[in-house]
Every structure is written in structure tokens, then in C-alpha cells.
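The values are calculated or read from the model by the stated rules, or taken from the named source; none is laboratory data. Small disclaimer: the values here were computed from a predicted structure and weren't measured. Using ideal geometry, Cβ is built from the backbone for each residue, glycine included, and neighbour counts are taken over all protein chains shown. Note: areas computed on protein heavy atoms with side chains; ligands, DNA, RNA excluded. Shrake-Rupley method; radii C 1.70, N 1.55, O 1.52, S 1.80 Å.
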Amino acid sequence: MTNNPAKTNTNRDLQIGISVFLSGLSCFGLLYYYQALLPELVDYFRIDKAQSSLAVSSSTFGMALGLLTAMFVADRYSRKKVIGYSLLSSAVFALLSSFSNHFTLLLFFNFLKGYFLAGATSVCLAYISEEVSASKKLKITGLYISGNAIGGMVGRVMASHFAHEYSWKTASEIIGVVCFIFAVLFFLFSPKSKHFIPKKQSFLSLIKPNMMLIFNKKLFPYYLTGFLLLGAFVSLYNYMAFFLVKSPFNISQEWIPYVYFLYIAGIGGSMSVSFWQRKLNSSKKILKAMSILGVFGISMIFFANPITVVLGVALFTYAFFVAHTVCSKSIGEFYHSKKSVSIAIYLLCYYLGASFLG
């Protein structure tokens, strides 16, 4: 009885899809769940609102520095091991942050959590690009980024719920344990790479070619788009809780977590990229359309009406995830020999936007 290559490839693509979906859940869940805990941190540590946002920015800044490291080491080690151990270690640091009695210590653990998460985020898109069948790449990329959206949404809702019922420390512990389980499941489900060959180049020999990728004229628009995308997105969700509890909305704090269900629009966005690709047949046209839609969504918030605010945030969230999926796929396919490096540079700009604009 002979094996069916098409069926084997389909099963392998499905395995990779499940694996990167779990990775996406963990990455955004771990990176942003403190966003829902900012009001609790203000009360617990007796800090102001702007200082509390450092709980999120420290993670994204750690992610940015981790991605800078990934530019030089990501191609040296197994894709599966890099992703798996990154997820495990970041879950451990999330757990450790739960025991912080000083805000500075919490920032330190969040920084390390973000730093180690960079290994997973920098390699996942390269893993998809190298290992998934050409016809399934866009769908699996969309699945991975929808995992980001679901992880970001569920992580925030869980964090807010458990903080309200128990404490922010309990919320952090639960999310750390759940993401540790996801990391173990990643190791169990993910197949080993077939098309990745480790490159044992010296650090010095990589500096010049990697710097050339940073300043590449064709890639730079994608880097700038990533910087602005996540910077605006994180800023919006960082301060939404503080915005909605004040006049004219006066929404009760216990209802604020449900704002994060607007991430469902992001899931729809990441999974609808194939539609936009067929409709517009150009990555640049899609990015222009999503930029216009995102700006329109943000402008709706200024009407200060609950319905327009919800619709505006939903439109912006949808546009954000469509644009991010398109950028990720375009960057991943640009240089076949430097996939992980170009992706790491894009994500470095992406998370620097979150750190500085946020």
C-alpha cells in the first residue's frame, strides 16, 4: 500500500496549522494580558495611569530587543525548538511576575517574558513559509494571526475576570499555567522542519547583509507600516478602559473586559485576507484600503457615542489584522534565503511601535 503524498502534505499542513495557532494564542495572550490589569496595578502599586502602561510597554520593548537578537541567531537552531522553548520560558516568567511586590520587579519579569517570546514570533512565520504547501500558506498565516487575535482577546478577558473575582496576581498565575500547557502541546503537535537547514555563520559576517535588509527600499514601507500599525493598536486598547469609565460613558469597571471581544473583528480580518487578495490582487492596494478603513474607524471614536465607539474600534481592529497578515506574508516571501531575518526586522519595528507610541 503506497502513501498518498497529497494526503500526507495536507495532514502535515494541518499539524503545522494547529501548532502555530497554539503559538499565536500564547504569544498575544502572554504579551498583552496586563493591558486588562492596568487599573488594578494603579491601585496595588499606587502609581499613575501613564506609569501603569509600562507593564505592557516593558513586554513589547523586551520583544523588540529579543527580535534584534533573533536577527543573528534564529537561523542557527531548529525552528521547532526555538518556538517551543520560547513559549515555555515566557510562560515561566509570566508566572514569576505574579509574585512581584514591587512594580520595578514586575517590569523586569515582563521584559524577560517579552524577550523570550521574540524567539517564537520571529520564527513562526518563517516556519510557515518554509514548511507549508504553497496553496495553504496564506490560510495558515491567517490561522496563526487569528490565534494572535483570539489569544489577545481571551487573555485580556480572563485576566480582567479573575482579577475582578480574586486578584491581578491570581489572574497572572492562571494565564501563565494555561500558556505553559499550550507550549507543551506545541511540542507534541508540531512536526520537525523538512526544508530548514541551520546556518552556522559568525555574528560579524551577518552584520552587513542584515543591515542591508533593514534599509532595503522595497521592504522599508512594510517596516514603517508595522511600526504604525501596532503602535496605534496598542495605544487604543491601553487607554480604552480609562476612557470608557469616564463621562459621558460611565461604564462600570466590571463590564470593561467585554470591550476585548471586539478582537472577534480581528479574527474575521485575518481570515478574510484571501478574499481581499482575490478582490484587489495586490498587497499594496490591500494595505492602502485598510489604512483608509483604520483611519475612518479611529475618527468614529471622536463622536463619543457608545455605538460609534464600538463600531469604530471594531473597524480599526479588523483593518489592523488584515494589514498585519498581508505585511507578514509579503515580508516572509521577499527573501527566501533570509526569511527569518526580514521577518524579525519587520516584527522589531512592529513591537518598537507598540513600545514607543503606546
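Assorted remarks:
- Ranking by accessible area, most exposed first, for 301, 150 with a 1.4 Å probe: 150, 301
- Estimated from the Cβ-Cβ distance and a Förster radius of 56 angstrom, the FRET efficiency linking residue 279 and residue 46 is about 0.60.
- Projecting the Cα atoms of 239, 220, 295 onto the dipole axis of the range 201-314, where Lys and Arg carry +1 and Asp and Glu carry -1 at the beta carbon, places 220 farthest toward the positive end.
- On Cα atoms only, tilt of 79-97 relative to the major axis of the chain in degrees: 20 degrees
- Candidate lysines - alpha carbon under 27 Å from residue 49, same-chain residues fewer than 8 apart omitted: 113, 169, 246
- Its relative contact order, with pairs defined as Cα atoms under 8 Å and 6+ residues apart, puts the range 24-136 at 35 percent.
- Of the two radii for the range 207-335, the radius of gyration is 1.06 times the Kirkwood radius, both from the alpha carbons; that is the Rg over Rh value.
- When 75, 43, 48 are compared by accessible area of protein heavy atoms, the largest-first order is 43, 48, 75, using a 1.4 Å probe.
- Rounded percent of accessible protein surface that carbon and sulfur make up, the chain, 1.4 Å probe: 69 percent
- Efficiency of FRET from Cβ geometry, residue 9 and residue 215, R₀ 45 Å, rounded to 0.05: 0.75
- Per-residue ellipticity at 222 nm, computed for the chain from helices alone with -39500 (n - 2.57) per DSSP H run of at least four residues, works out to -26500 deg cm²/dmol.
- Student exercise, the chain dipole from Lys, Arg, Asp, Glu Cβ charges, in Debye to nearest 20: 1560 debye
- Principal-axis tilt of helix 306-332 within the chain, Cα atoms, nearest 10 degrees: 20 degrees
- Within straight-line cross-link reach of residue 136, aspartates and glutamates at Cα separation under 20 Å, skipping those fewer than 8 residues along the same chain: 13, 333
- Selected from 23, 90, 282 as most flexible by GNM, with the chain as the system and alpha-carbon contacts under 10 Å: 282
- Cα radius of gyration and Dmax for the range 1-81 (Å): 19.8, 69
- The chain: most fluctuating residue of 342, 274, 328 per GNM, C-alpha cutoff 10 Å: 274
- Accessible area in the full protein assembly, largest first, 1.4 Å probe, for 308, 60, 104: 104, 308, 60
- Relative contact order [Cα under 8 Å, 6+ residues apart], the chain, whole percent: 27 percent
- Against the chain, whose longest principal axis comes from its Cα atoms, helix 5-32 is set at around 30 degrees.
- Taken along the Cα-to-beta-carbon direction at a fixed 7 Å, the label points for residue 77 and residue 264 span 3.9 nm.
- When peptides 165-178, 28-41 are ranked by their average number of other Cβ atoms within 10 Å per residue, the highest-first order is 28-41, 165-178.
- Selection from 157, 145, 108 lying farthest towards where the dipole of the range 72-170 points positive, charges on Cβ: 145
- For the chain, the solvent-accessible area with a 1.4 angstrom probe is 44 square angstrom per residue.
- To the nearest 10, the accessible area of residue 92 is 60 Å² with a 1.4 Å probe.
- Averaging the sequence gap over all C-alpha pairs within less than 8 Å and six or more residues apart, then dividing by the number of residues, gives the range 115-255 a relative contact order of 16 percent.
- Loop-located chymotrypsin sites (Phe, Trp or Tyr not before Pro) in the range 248-315 whose Cβ has at most 11 other Cβ within 10 Å (DSSP): 302
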